[in-house]
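The values are calculated or read from the model by the stated rules, or taken from the named source; none is laboratory data. Model, not experiment: these values are computed from the prediction. Neighbour counts run over all protein chains shown; Cβ positions are idealised from the backbone, glycine included. With ligands, DNA and RNA removed, areas are computed over all heavy atoms of the protein, side chains included. Shrake-Rupley method; radii C 1.70, N 1.55, O 1.52, S 1.80 Å.
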Amino acid sequence: MPRSPLPTARPFGFRSGAAFTVLYALLAAALLWPWPLHLATSGLPIPDFVGNVWVLEQNLHNWTTPGAEVVSSNAFWPHEKTFAYNEALFAQTLEYIPARALGAGPLLAHNLTLFATFPLCGLGAALLAFELFGSRWGAFVAGLAFAFSSYRWDQFPHLQSLSLQWLPLVLWSMVRYERTKEFKTLGALFTFALLLATSSGYSAVLCAVAGGAALTFLLVRPESRRSVLGSAAALIMAAAAVYLIFTPYREAQQAFGMQRGGEVIDWSARFNSFFKPSGYAVWPHLVWLRDQATTQKPLFAGTIPIALALFGMVTLRRERAVRLMLAVGAASLLLALGPRVFVFDLSFPGPFALLAELPVIGMLRTPSRIAAGTLLSIAILAAAGLAALPPKQRRVMAPILSALLLLEVWPRRLGPDLSREIPKAPRTSTWLKTAPTGPVLELPWTDQDMPAMYLYWAIEHWQPMVNGWGSFQPPGSLGLGFIGHRWPTPYTSRVFRRVGIRYIVVHAREMTDERKARLRPPELPAGVRLAADFGDDLVWEISPEGAVEESVPGWPPGLYARASSWRSGAGR
């Protein structure tokens, strides 16, 4: 293998890329079967999954509604700019829009976007591996190892954690530009870095870490410094664009006074995380490994990728491509360990503690997700292991190793779990779609599954919702939810009237028999009427007329004034 700046490889070619993508998609469908048959109706009925459907649709709603702010949402009324409580998912929304434009519903468009991360991650890793080591079989196995890492099964509810296809493409662009010096490659680097950084906060950190590690490594050779300057300029321009895009989010989050929670240490990686398989692992050796690890975060890359990566590191240890990926993997690992690095009974401050002092980045609560850079490094080094074999052995071994890799990562229960139907919006949502605009409180109030589901159903009507879902809870909302447990009483109707709530929606099937019985008193409070009765799904409307009090205990200054504006019509 040549030892010039990086090994020279023939162009990967459109046909190879298309064939790899189709094959990765077919393999993803097989591993996730029977979910691909139910993409329009099914998924994981848990908050993060359905909540992300709402996030994508809220983005689309904001982008297509004249005068709407990118940080506005219909959640957590009467608070403003509450979309800043969630990951923006800008890059994913760009992938989501074509499916919606072709007539797919929100759930189907989300599921297609999520499913596409598998073939796209595989293709990105294959391109990078081929660029570095010039082996098509090695590239194919690298794509398998990255796209179907068992880490991804446990992250399935999190579209933002699965959308890592841009990470290998950022590195591919840097490597390609060093070799070709083509200006269009810098344009690709800028685009891929922008897409990666706008996929999630963790992806933005990954972009900086992987790009920074690669730049530092390439800077060592004098003949590479010109290309390093070009790549650095493209990355800086992408960072500036990201800064401008997220300025409204940053300002809103600072106004909220959002702070990172203490649980960040518990959600950091540990060294033994890389020996803990997925919770979906089925084979005895994987179950045994999982039982031995005490960490919460499974980051096991797989037996075959690790063995190939070790072989490649030893056999091709002098190759710059190997050292490049080691630098990227090590940098990602150090940050994934969180603010404290634990070695046996000792702990030391970690590099993540420095990042935690930065605006916005300091709110990231799960440093272990940054380990995706380490998993990518292992996958690419697995390609080095295959590239080190003689061609005849490679052609024989690669199909066998690919089959063993897929067999080991097979998530037997995930496909059936994903095939559970997501509850459709009840008839109350259809009723609200045609009702006059007014704030909605949906009950029962819970901090578990229902808030995200309420927002998912609210896609049907886009009424302002007292309920909300996100990483943070604004002041005041929780109190209204607790008061709602006593609905309908004269006291609750007075409180809801004075803050401007117009509709109370109750899903009685989620309540105890005692609470169900209280929903239909002999006489409703003054100014309250049962506006829609669909059996277990009920809607009450509260008349805005009545005594107006000057404040609501526990609410921040100015919030009551915004809520009160709905009575006069100014907030509509």
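Quick look at the values:
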quantity	calculated
Carbon/sulfur fraction of accessible area - the range 152-292, other protein chains in place, 1.4 Å, %	66
Gain upon complete extension [K181, T446; 0.36 nm per residue less C-alpha separation]	89.8 nm
13 Å beta-carbon shell around D154, net charge (K/R +1, D/E -1)	+4
Cross-link table K276/K392; K297/K424; K433/K516, entries beyond 27 Å C-alpha to C-alpha	K276/K392; K297/K424
The range 472-549: C-alpha gyration tensor shape, a/c 1.5 cut-off, then a/b vs b/c	oblate
Under 5 Å, built H, 5+ apart or other chain: amide partners of E442	V466, N467, V505
For the chain, calculated [θ]222 nm from helices alone, where every DSSP H run of n ≥ 4 adds -39500 (n - 2.57)	-17000 deg cm²/dmol
The range 334-342 - phi-based ³J(HN,Hα) in whole Hz, Karplus 6.51/-1.76/1.60, Gly and Pro as x	4, 6, 5, 6, x, x, 10, 9, 9
Derived scalar couplings ³J(HN,Hα) [the range 461-469; Karplus, 6.51 cos²θ - 1.76 cosθ + 1.60; whole Hz; x for Gly, Pro]	10, 6, 6, x, 10, 5, 5, x, 8
V220-A307 FRET efficiency (beta carbon distance; Förster radius 30 Å; 0.05 resolution)	0.55
Cα-centred dipole magnitude for the chain, charges only on beta-carbon of K, R (+1) and D, E (-1), debye, nearest 20	1840
Fraction of accessible area attributable to carbon and sulfur, the range 401-556 (%, probe 1.4 Å)	53
Residues with amide H under 5 Å from that of V341, placed H, sequence gap 5 or more	F348, G350
Charge tally in the Cβ shell below 10 Å around L299, where Lys, Arg are +1 and Asp, Glu are -1, L299 excluded	+3
In Hz, Karplus ³J(HN,Hα) per residue of the range 70-79 (6.51, -1.76, 1.60; θ = phi - 60°; x = Gly, Pro)	5, 9, 8, 8, 8, 9, 6, 4, x, 5
Protection proxy ranking of 244-251, 132-139, 378-385 - average other beta-carbon atoms within 10 Å, highest first	378-385, 132-139, 244-251
FRET efficiency for D536 and V22, using Cβ-Cβ distance with R0 set to 60 Å, rounded to 0.05	0.85
FRET efficiency, 1/(1 + (r/R0)^6) with R0 60 Å, evaluated for I236 and R486 via beta carbons	0.60
Solvent-accessible heavy-atom area per residue, rounded to whole Å², over the range 41-93 at 1.4 Å	27
Extension reserve of the R413-A353 stretch, reckoned as 0.36 nm per residue once the Cα distance is removed	17.9 nm
The chain: relative contact order in percent, alpha carbon pairs under 8 Å with at least 6 residues between	18
Answer label, with Kirkwood radius over Cα pairs in Å calculated from the coordinates and candidates [x] 28.1; [y] 23.5; [z] 25.5	[z]
